[in-house]
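Data block below; observations after.
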Amino acid sequence: MAIREGGAGRKAFQVFNTVFLFLLMLLCLYPLYLQLITSISHGLEVMKGGIILLPRNVTFNTYTTLVRGELFMYMRNTIVYTVVGTLVNLGMSCLCAYPLARKTFSGRKFFTALVTVTLFFSGGMIPMYLTVKQFGLMDTMWALILPGAISTYNMIIIRTAFQSIPDSLIESAQLDGANDLVILARIVVPLSKATLATMLLFYAVSHWNSYFDAMLYINKKNLYPLQIMLRNMLIGGLFNEETAIAGASADSFAVTDATLRSAAIVVTTLPILVVYPFVQRYFVKGVMIGSVKG
Amino acid sequence: MSAHPQTRRAGQPLLKRAFRALKRDRWLYLIMLLPLAYYLLFWYYPMYGVTLAFKQYKPKLGIIGSPWASQNGMKYVLQVVNDPYFWTVFKNTIVLNLENLLITFPAPILLALLLNELASNGYKRLVQTVTYLPHFLSTVVVVGMMNVMFNSSGIVNQAIAALGGEKVAFLNEARYFRPMYIGSNIWQGIGWDSIIYLSALSGLDMELYEAARIDGAGRWKQTLHVTLPGILPTIIIMLILAMGRIMNVSYQKILLMMTGSNQSVSDVISTYVYRRGITQADFSYATAVNLFQSLVSLLFVGVTNTISRRTSETSLW
């Protein structure tokens, strides 16, 4: 019996397991690190290859080149879409979740069914595209915000949180003459802060990361989000000619397609990387409360 | 109704009750107004838009006003069925997804089991934090990093060259598309997808392990006979959900990875819908293609659910 708990086989497994998981962590982080060192290395060095652990001939020209391009415009767009979009998401989700959470609500069954159907059926890409077009939302920020105003999954999680608030609290507020909108804003939302914070993060990340809606609905360059800038750099090399010229005039080959691309990846990912360690546990909590079973 | 058996106005009570409920819950209905409008406009209206598959779309008349297509509305559906290229993308979708499911599905379960064996809680948490991270990167960033690492002068080909091998066109050659797609899916999802299994593992009854130990079962046998059966219901639920998504490939990623030379394997139903519908404005045809995808999805969930209900008594419905 001693063999199984502390024996040589068990020890060997523990060592293997620890090392294996360490390698897995490296595998997760290294691609990101590689982008960072590529983006601040001299273009010629990157072409020569061999940049594995440290940058070579460090230059920040890639970043100045991006800034001289329209980086700030794309970034501002993404920030606006993320902030406005997340606010709309949270507001709409709370509005929808509150009546569905009230056990005495006479329309509860009907509206719950109406909402649940959307978990299983949708019109698909083309009818959605035509709908957005018909409503005159093309080339406006609202095309990126309204179609996904409520994520039904997230809304159901919020509803569950609302349901855990004791009815007596709501009833006593009603006796004080408060209407449901006041109860929602003054009692229910403040008591569900933890869940709402998690949902805020989920919504915000999905806005920050989305590119496909912009590809469908936005044709004006001055409305493009950051992800589209990056996408266009992937597909078409340098993202516009001005920056190519700007990069070339300073020091030929200091900035190349490859280094510029890595810099764009770093810039696009940085906000998430900076925030991630602090909010990570909220994300995990979100998955836990959202899980169906288990 | 039985509350007022001898009411004279037989039709009234229901209406009256509805009116009273409406009045009592007027604030709740008012609050529901915006969400209701949202679901009707952006979910139910497009859902009705699926009829486009049977219509001759006229931009001026909109989805509702457009007339039915010829051949009793079946014009586009028949076109799809008779389009050999549709069957190519149909096959691509199924092959890509089955391969993807087969390889990506067990990975997070394995990771959860390994994490569960770690003696140090701090190390466990560190591994979790780090492996969850890729989940939060955007598709464009993931494909971008893949391009940087796997292009002809990227770090992977440098390594191959250093070892004396021939450079490999990972990003272009058709035969590397599926491994690249599936590999990056695992990279992005293995950590995050393990959460659900970890939470199932933490709910397992410790006494079962105790009993197994007394019976002389080693760690490996405990895993085989206690741990795995314990998380089996979770595994089955996740499998059914995965089967339901089997036709929904990550087309957003595929569109970014698609090149002229890998299109023969990378073109799937959703990318075909995108190209025919959005790029070529062939709306009815694209909607009809999409319809097939939805039908097959439905079939997959139904069949998996039935099989699982019969064999293990775990099911979605």
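Overview of results
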| item | result |
| --- | --- |
| Tally, over region A:78-106, of residues that are surrounded by fewer than 20 Cβ atoms within 10 Å (Cβ to Cβ), polar (S, T, N, Q) and assigned to a helix (DSSP H, G or I) | 0 |
| Some residue of region B:281-291 being farther than 26 Å from B:ILE182 by Cβ and surrounded by fewer than 17 Cβ atoms within 10 Å (Cβ to Cβ) | yes |
| Region A:41-90, subset among the small types (Gly, Ala, Ser) and within 14 Å of another protein chain (Cβ to nearest Cβ), residue nearest to A:PHE202 (Cα to Cα) | A:GLY85 |
| Looking only at region B:90-133, and only at residues there that are of a type outside the set (Ser, Thr, Tyr) and assigned to a loop (DSSP other than H, G, I, E, B), the one that is farthest from B:VAL226 (Cα to Cα) | B:PHE105 |
| From the options B:GLY216, B:GLY203, B:GLY191, residue that is within 13 Å of chain A (Cβ to nearest Cβ) and under 25 Å from the mean Cα position of the chain (by Cα) | B:GLY191 |
| Region A:168-185 residues that are within 10 Å of chain B (Cβ to nearest Cβ), paired with ones that are of a type in the set (Lys, Arg) and surrounded by 13 or more Cβ atoms within 10 Å (Cβ to Cβ) (beta carbon under 9 Å, 6 or more apart) | A:ASP180/A:ARG102 |
| Region B:55-89, residues that are of a type in the set (D, E, K, R) and assigned to a helix (DSSP H, G or I) | B:LYS75 |
| Matching residues, region A:71-101, being within 26 Å of A:ILE183 (Cβ to Cβ) and aromatic (Phe, Trp, Tyr) | A:TYR98 |
| Qualifying residue in region A:241-258 (condition: within 21 Å of A:LEU71 (Cα to Cα) and either facing chain B (nearest Cβ under 9 Å) or at pLDDT 95 or above (or both)) | yes |
| Whichever residue in region A:125-163 is polar (S, T, N, Q) and facing chain B (nearest Cβ under 7 Å) and, among such residues, is surrounded by the fewest Cβ atoms within 10 Å (Cβ to Cβ) | A:GLN134 |
| Yes/no for A:VAL115 being among the β-branched types (Val, Ile, Thr) and either more than 8 Å from every other protein chain (Cβ to nearest Cβ) or assigned to a loop (DSSP other than H, G, I, E, B) (or both) | no |
| Residue within region A:159-168 that is closer than 28 Å to B:VAL50 by Cα, in the same structural domain as A:TYR81 (by TED's automatic domain parsing), in a helix (DSSP H, G or I) and not polar (S, T, N, Q) present | no |
| Checklist (1) surrounded by fewer than 19 Cβ atoms within 10 Å (Cβ to Cβ); (2) assigned to a helix (DSSP H, G or I) applied to B:LEU204, failing item | (2) |
| Residue list for region B:293-304, restricted to those being surrounded by fewer than 18 Cβ atoms within 10 Å (Cβ to Cβ) and either away from chain A (no Cβ under 11 Å) or not in a helix (DSSP H, G or I) (or both) | B:LEU295, B:VAL296, B:LEU299, B:GLY302, B:VAL303 |
| Cβ-Cβ under 9 Å pairs, at least 6 apart or on other chains, region B:16-36 side touching a residue at least 40 places away in the same chain (Cβ under 8 Å), far side among the basic types (Lys, Arg) and loosely packed, with under 12 Cβ neighbours inside 10 Å | none |
| Evaluation of B:ILE64 against (1) β-branched (Val, Ile, Thr); (2) surrounded by fewer than 16 Cβ atoms within 10 Å (Cβ to Cβ); (3) away from chain A (no Cβ under 14 Å) (one fails), failing number | (3) |
| Residue among B:ILE246, B:ILE254, B:ILE307 that alone is surrounded by fewer than 19 Cβ atoms within 10 Å (Cβ to Cβ) and either without any contact (Cβ under 8 Å) to a residue 24 or more places away in the chain or in the same structural domain as B:VAL95 (by TED's automatic domain parsing) (or both) | B:ILE307 |
| Tally, over region B:85-125, of residues that are within 14 Å of another protein chain (Cβ to nearest Cβ) and polar (S, T, N, Q) | 3 |
| In region A:217-240, residue surrounded by the most Cβ atoms within 10 Å (Cβ to Cβ) [restricted to those that are at pLDDT 65 or above and away from chain B (no Cβ under 14 Å)] | A:LEU223 |
| Subset tally (residues that are within 24 Å of the chain's Cα centre (by Cα) and of a type in the set (S, T, N, Q)) for region A:14-73 | 2 |
| Qualifying residues in region B:283-310 (those that are farther than 15 Å from B:VAL273 by Cα and among the hydroxyl-bearing types (Ser, Thr, Tyr)) - the one modelled with the lowest pLDDT | B:SER308 |
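Results for (1) surrounded by fewer than 16 Cβ atoms within 10 Å (Cβ to Cβ); (2) at pLDDT 95 or above, shown as yes or no for each residue.
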residue: A:MET1; (1), (2): yes, no
residue: A:GLY7; (1), (2): yes, no
residue: A:VAL15; (1), (2): yes, no
residue: A:LEU21; (1), (2): no, yes
residue: A:LEU24; (1), (2): no, yes
residue: A:SER41; (1), (2): no, no
residue: A:GLY49; (1), (2): yes, no
residue: A:ILE52; (1), (2): yes, no
residue: A:ASN57; (1), (2): yes, no
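This table checks each residue for (1) modelled with pLDDT of 95 or more; (2) over 20 Å from A:TYR30 (Cα atoms); (3) buried (at least 17 other Cβ atoms within 10 Å of the Cβ).
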| residue | (1), (2), (3) |
| --- | --- |
| B:VAL95 | no, yes, no |
| B:LEU98 | no, yes, no |
| B:PRO106 | yes, yes, no |
| B:ILE109 | yes, yes, yes |
| B:ALA119 | no, yes, no |
| B:PHE136 | no, no, yes |
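The values are calculated or read from the model by the stated rules, or taken from the named source; none is laboratory data. What you see is a predicted model; the values in this text were computed from it and never measured. Don't worry about glycine lacking a Cβ; one is built from the backbone with ideal geometry, like all the others, and counts go over all protein chains shown.
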